[in-house]
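Novice: Here's a structure for you.
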Amino acid sequence: MNYLAHLHLGGDAPAQLLGSLYGDFVKGPLRGQWSPEVEAAIRLHRRIDVFTDQHPLQEQARARFAAQHRRYAGILLDVFFDHCLAQNWRAYANEPLPVFTDKVYRVLREEPNLPERLALIAPRMAEQDWLGSYHDFAVLEQVIRGIDRRLSKPGLLLGGMAELERLYQPLMADFQAFYPALMDYVDDLHRV
């Protein structure tokens, strides 16, 4: 899952929204650098990633990719599944997507101590409405290019957008089967 899904699943409180994003920017053990609520949301982010990576529906979705893209199919799926979530937002959320994304951007603006890399991109994220823009399939090409530039060997995701286009319908079906299971998993964690 990418930013939008983590934010959707992580909880509505500001600390939960922050921790849901921090999970992509804070690595290693958590030792009290952040509030307990933020660290709990980072831990949830990590558990969501493990659940997602190990789920049979994810394996099925990754197996749909051509052999040359399969190694990085998880990255492409993370981005594509955020698109699927944005496309089907009303089925999974109680508030409109623009209301949700505005709340996230407000929380980011009001937090003075964002992790360094997040602090650099948060203004652009809000200005360009990264979260809401996932609704538009064409935007994924820019997202994939950005991720590809940050990989240790740039160029590995070339052709990824064409794969997503080719596999659009079956991957959308995979998302629609998987996301409710992920939501149930997160609900179960909150009950414990």
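Novice: Only one of these is more than 15 Å from the chain's Cα centre (by Cα), assigned to a helix (DSSP H, G or I), small (G, A, S) and under 19 Å from F178 (Cα atoms): A61, A86. Name it.
Specialist: Step by step, each of A61, A86 is checked, and only A61 is more than 15 Å from the chain's Cα centre (by Cα), assigned to a helix (DSSP H, G or I), small (G, A, S) and under 19 Å from F178 (Cα atoms).
Novice: Suppose we keep only residues that are among the hydrophobic types (A, V, I, L, M, F, W, C) and either touching a Ser or Thr at 6+ places or on another chain (Cβ under 9 Å) or in contact (Cβ under 8 Å) with a residue 60 or more places away in the chain (or both) within segment 48-72. Which one would you say is surrounded by the fewest Cβ atoms within 10 Å (Cβ to Cβ)?
Specialist: Once the filter is applied, the top-ranked residue is A66.
Novice: In segment 11-47, how many residues are part of a helix (DSSP H, G or I), under 23 Å from D102 (Cβ atoms) and touching a residue at least 60 places away in the same chain (Cβ under 8 Å)?
Specialist: Number of matching residues: 6.
Novice: If you don't mind, there's one more thing I want to ask. Select from segment 89-118 the residues that are closer than 27 Å to A181 by Cβ and basic (K, R) and write down the one among them that is surrounded by the fewest Cβ atoms within 10 Å (Cβ to Cβ).
Specialist: Restricting to residues being closer than 27 Å to A181 by Cβ and basic (K, R), the top hit is R90.
Novice: Moving on to the next point. Looking only at segment 90-121, how many residues end up being acidic (D, E) and closer than 20 Å to F25 by Cβ?
Specialist: So the count comes out to 3.
Novice: Could you tell me which numbered condition L114 fails, if it satisfies all but one of (1) farther than 18 Å from I75 by Cα; (2) in a loop (DSSP other than H, G, I, E, B); (3) in contact with an Asp or Glu (Cβ under 9 Å, 6 or more places away or on another chain); (4) not acidic (D, E)?
Specialist: (3)
Novice: Residues of segment 134-157 being surrounded by fewer than 14 Cβ atoms within 10 Å (Cβ to Cβ), out of contact with any helix residue (DSSP H, G or I) (no Cβ under 6 Å at 6 or more places or on another chain) and part of a loop (DSSP other than H, G, I, E, B), which ones?
Specialist: Those that are surrounded by fewer than 14 Cβ atoms within 10 Å (Cβ to Cβ), out of contact with any helix residue (DSSP H, G or I) (no Cβ under 6 Å at 6 or more places or on another chain) and part of a loop (DSSP other than H, G, I, E, B): D136, A138, L151, S152, K153, G155.
The numbers here are math on the coordinates, done by the rules we state, and not lab data. Every value quoted in this text rests on a predicted model; they were computed, and no experiment measured them. When we count neighbours, we look across all protein chains shown, and the Cβ atoms used for this are built from the backbone with ideal geometry, even at glycine.
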